[in-house]
Structure formats: structure tokens, C-alpha cells
Amino acid sequence: MARATVIGSGPNGLAAGVALGRAGYDVRVLESASTIGGGLRTQELTLPGFRHDVCSAVHPAARSSPIFRAFGLDDRVDWIHPDISYAHPLDGGRAAIAWRDIERTAAGLGVDGDAWLTRLRPLSTHIDGVVDFTGNQLLRVPGDPITAARYAIRMLEQGTPLASSAFLGDAAAALMSGVVAHANAPLPSLAAAAAGLLLAAHGHAGGWAYPRGGAQTIADALVADIEVRGGTVETDVHVTDLDALDWGDPGRGDLLVLNTSPRLALTHSDIPAGYARTLTRYRYGPGVAKVDFALDGPVPWANADVATAPTVHLGGTRAEVWASENAVAAGRVSDRPYVLLVQPSVFDSTRAPAGNAVLWAYIHVPAGSDLDPTERITAQIERFAPGFRDRILAHHAVPASAREAINPAEIGGDISGGLFDIRQALRRPALSPTPWRTPMQGVYLTSGSTPPGPGVHGMAGWHAARTALADAGTPATLADLFG
Ligand SMILES: Cc1cc2nc3c(=O)[nH]c(=O)nc-3n(C[C@H](O)[C@H](O)[C@H](O)COP(=O)(O)OP(=O)(O)OC[C@H]3O[C@@H](n4cnc5c(N)ncnc54)[C@H](O)[C@@H]3O)c2cc1C
């Protein structure tokens, strides 16, 4: 039986492991941390009984992912489907709300209701076409060219100064800016718009679901599938030198899959100079500074709808959100930063003792910043939820400078696997129709540093696995492996 060694147990590494295990490989996953899951970990970071998502929390891309659909993730995880995908509070107790129901969203956006429908309904009603286009490398003919063209046109609008004239009122403008700002890139920019439009389309298609019990439940389901086929997952194994690792013989069909920073490939002594140059020139982006709170009750939001929204974008108007993101690109952090916030306890009572709550929040910061984000995030929440500060029982902060110690793939605290701009959307990390394949025999890349980029979707894992299977002369489809 040929061996497949996967370094890293993130969603892409585990997805690759599941696919290769089902294709008959003897799978061995090596993970540097003491727990499995990479971006899919849930832990008691503050107080006993308070279970926080260490990284990812909300999973629209996982639910629409072709490999996770084929795997039957919906039957293995208890999804919570909130009516609100994301909320964006404004000063004075107002809020813009992205309901899963797009008509209800439009009704709440007043003068901009029709503009919202015009922009997002053609994408949300053809979400499979959007996922097909964005879920692969971009050097190919899209499966649904009309939807891809519509998506590209909206990207050209939201990713350029034209975005300023898309909406008349401040609510829709703020709502769109909050979702586009996920990309951790200057605003407006094409790559940020691409990511934001995908997320916004998901918001009105399947919605922004999250798993009861936390992101860890997704990792556990994937690991169970690897183990049931005889595969293993070993923790506390930090691989720093590929030449020192026994991963078998590529001449006999053994595989090595790197769910790590592509930098690890530089330690392979057979790496051609040109490919080494490509990986060395690959650029990493700004970082993330996160804080998890244990609370003695729900957040006292000034707006009642925000209290029922698991995902909340803080930062006020579009102008403020853009200024915050552009400050990061210029090497600074705004005093009133854009904050991504998730309050899972709104619908998941398993995450904290009765009556209590967990809260997850992060801001974008320059690469390697050692800023403790706690005070800035607390002040932004307090701005839209007076009295929040009094609810805090404990908190756990992780500056960008500490992220690499938690996950060696997060260079300088970059959680996207590399700078997210148009150039690196195409060259991720190399310009190739099969960027998951390296020039070293049997060695493949799978992470946010390969298409389709960051997020919990497992698709980079599937692309690496299907490329390896095709190279081995045993091509397989999802239907072949998952029935
Ligand atoms: C704070 C935060 C919030 C996020 N929120 C969301 C969200 O809500 N929704 C969403 O879809 N995405 C979110 N993301 C992004 C998402 O988590 C990542 O894009 C995704 O996990 C990337 O998956 P991956 O499999 O490529 O790698 P990772 O999940 O990064 O896993 C890589 C694994 O490899 C291990 N590893 C790395 N190098 C080595 C080595 N040399 N030796 C051994 N092991 C190694 C790491 O420890 C890690 O476990 C978030 C990320 C962070 C950090």
C-alpha cells in the first residue's frame, strides 16, 4: 500500500487525507500542535466550561464546498442556521442587517434595497456557479461563465472607487464594507471585493452557518474518516526539514502533502532553483490580533437585531471601515478599528455554562505586530453595546506576533496564507494550472497559500489529492471516492 504523509491537520490537510485514504493510501497526518484541526480548533481558552474557537468560527464556505458536500459534512456536524448572516451596527442604535432572506435585507436598507438586490441576487441564486469559479485556480474556463461574468463585473465595481457610488445611504454602504473588509487588504481593492462578494452571496444562499459545539466538530468528523480507514494523526510533531522526514519513496508512489507554509518546501534538497525563487518571492500579508472573552451574559447591544446575529462587523460607516483597513496597509492600527466579532452563544448553549457566553473578536494589524487588541476591541464593542465591559469575566488575547507559535503556517500572524491581492490570487504560490503540484516528485502543496485561498472549505486539499492521484495514473472524481 502506498503511503501518504500529510504535514498539518488543518481543513485542507484533513480533506486531502480523507480523499487519499479513500483512494487506498496509508495516510499519516503529522501535526505540530498538541491538538488536531489547525484552523478548526475549539478550546477552553479563558475559564473552565467556556469553549472558544481558536481560529475559524463561521462556515459558509464549508457548507458549499464540493468536497465537504461529497463527504456528507451536513450529516456529520450539527449546523446552526441563523436567520441573520451578519449584522453591522451603526451609531445611534441603528444597524444594517444581512438576513439570509435577501428580500428582507433589501426591505431594511430603504433607498438602497433595489441596489442590494441587483448586486447580490444574481450571485446568491447561482451560488454553485460562484463557488465553481472561486473554488479553483483562475486560469481556466468557468463552469458557469454567465455567473462568473456577473461576479467579475460586481468585483470591478466594489473593488474600485466606483464602490463609493453604488449605494445612496450609509446602511447598505456600511454593510457591504464590513463583508469586503474580511480580506485584510487595502480598500477598495479587487481581491477584497472578490472575497467580500463571495461571502455576501453565501449570506443570502445557504447563509452563514456554524457548528454546534464549535469548529472542532468539523475536524473531528474528518479525522474519524481517516482513522476508520486505518490512517493515523500524530500531534506534537513539528516538521522543520523535509530531508530529515521519512515519508517513503516517491519512486514507489508514496506522497508528501504539505498543509503548511510553502516555505517548508524550501527544505527539500531536490528543489529546483527557479521554484525556490518563486516560493521565496511569495509575499505574506498583514496579521490578525484576536481576543476571546468569557462573559457573564449576552452582549447588551443597543440594537435588538444585532443581539440575534452570530456574526457582527464593527467599525461604523464605510468611510471608517475603509480608513481602518487602509491604516493597516500603511503600517498602523486605527484607534477605532474594524472588528470581526462572533457570538456563538446566541444559539449554541454548549459553549458556556448556563446564562454565560463566549465572544470571539479580532482586528487586522500590520504583520508581526505585538499589539494587544483587547482595549481597542472592548472600546468598539462598548460603542455599540454600552455596558459590555461589565459583562467580562475573563479574556485571552493573542497578538499577531504570537500566531506563528500556535500555527507555523501563519507567517507574521497572516491567517490568509499569503498576501491577498490580484497578483497573488493568480500566483498562489506559483502561476500554474496545477499550483498544488511541486516540481519535486511526490510532493504537493495544500493550504491557503494555494487556490482557492483562505477559508474553511477543504478545496485546496481536494485539488492537491486529485492532482496527486492523476499523477499516479489513478485519476479519481469526488463521486469515485465518496459514492
Ligand atoms: C482567528 C482566525 C479566524 C478565522 N475565522 C474563519 C472563519 O470564521 N471562517 C472561515 O472559513 N475561515 C476562518 N479563518 C481562516 C481559516 O481558519 C483558514 O483559512 C483555514 O484554517 C486554512 O486551512 P488550512 O488547512 O490550509 O491550514 P490551517 O488551518 O492553518 O492548518 C495548518 C496546520 O498545519 C500545522 N502545521 C503548520 N506547519 C507545520 C509544520 N511545519 N509541521 C507540522 N505541522 C504544521 C499547523 O499547526 C496547523 O494545524 C480564520 C482563521 C483565523 C486564524
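The values are calculated or read from the model by the stated rules, or taken from the named source; none is laboratory data. In this text the structure is predicted, and so the values were computed from the model without any measurement. Note that each Cβ is placed from the backbone with ideal geometry, even for glycine, and that neighbours are counted across all protein chains shown. For the accessible areas, the whole protein counts, side chains as well, though only heavy atoms, and no ligand, DNA or RNA atoms are used. Shrake-Rupley method; radii C 1.70, N 1.55, O 1.52, S 1.80 Å.
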Which whole-Hz ³J(HN,Hα) couplings does the range 48-59 yield from phi under the Karplus relation 6.51 cos²θ - 1.76 cosθ + 1.60, θ = phi - 60°, glycine and proline marked x?
-> x, x, 9, 9, 9, 6, 5, 10, 5, 10, 10, 10
Quick one: which residues, 5 or more positions from VAL365 or on another chain, have an amide H under 5 Å from its amide H? H modelled 1.01 Å from N in the peptide plane, none for Pro or chain starts.
-> GLY287, VAL288, ALA289
Residue (of ALA379, PRO433, HIS395) at the positive-pole extreme of the chain, dipole from beta-carbon charges | PRO433
By average C-beta atoms within 10 angstrom, highest first, the peptides 82-93, 53-64, 2-13, 158-169 = 2-13, 53-64, 82-93, 158-169
If ligands, DNA and RNA are left out, what is the accessible area of GLU44 with a 1.4 Å probe, given in Å² to the nearest 10?
-> 100
Please say if the range 205-361 is rounded, prolate or oblate, where rounded means a/c under 1.5 for a ≥ b ≥ c the square roots of the C-alpha gyration tensor eigenvalues, and otherwise the choice is prolate for a/b larger than b/c and oblate otherwise?
-> oblate
Which value, in Å³ per residue, describes the convex hull spanned by the Cα atoms of the chain?
-> 127
Size of charge dipole - the range 1-100 - debye, nearest 20, with Cβ of Lys, Arg +1 and Asp, Glu -1, no other charges | 260
Determine the gain in length on full extension of the stretch ALA330-ARG281; use 0.36 nm per residue of separation and subtract their C-alpha separation, reporting nm with one decimal.
-> 15.6 nm
If you line up the long axis of helix 145-158 against the longest principal axis of the chain, both from Cα atoms, how many degrees apart are they, to the nearest 10?
-> 50
With the 8 Å Cα cutoff and a minimum separation of six or more residues, the chain has a relative contact order in percent of 24
If you place +1 on the Cβ of every Lys and Arg, -1 on the Cβ of every Asp and Glu, and leave all else neutral, what size is the dipole of the chain about its Cα centre, to the nearest 20 Debye?
-> 900
Angle between the chain longest axis and helix 374-384 axis [Cα atoms, degrees, rounded to 10] = 40
Gap separating the Cα centres of the range 415-483 and the range 89-126, nearest whole Å | 34
Taking Cα pairs under 8 Å and at least six residues apart, what relative contact order does the range 115-206 come out at, in percent?
-> 34
How many angstrom lie between the C-alpha centres of the range 382-401 and the range 322-370?
-> 9
With everything on Cα atoms, drop me the angle between helix 318-329 and the longest principal axis of the chain, reported from 0 to 90° to the nearest 10.
-> 40
For ILE422 and ALA379, calculate 0.36 nm times their separation in residues minus their Cα-Cα distance, and state this gained length in nm to one decimal.
-> 12.1 nm
So if R0 is 25 Å, what FRET efficiency would ALA470 and VAL228 give, r being the distance between their Cβ atoms, rounded to the nearest 0.05?
-> 0.50
How much accessible surface area, in Å² rounded to 10, belongs to the heavy atoms of LEU156 with a 1.4 Å probe?
-> 90
Tell me, how many Å apart are the Cα centres for the range 287-317 and for the range 1-80?
-> 26
Point-charge dipole on Cβ atoms (K/R +1, D/E -1) for the range 390-454, about Cα centre, debye to 20 | 260
Rounded to 5, the percent of DSSP beta bridges in the chain classed as antiparallel | 65
Can you find, among LEU295, TYR284, ALA323, the residue farthest towards the positive end of the dipole of the range 271-344? Put +1 on the C-beta of Lys and Arg, -1 on that of Asp and Glu.
-> TYR284
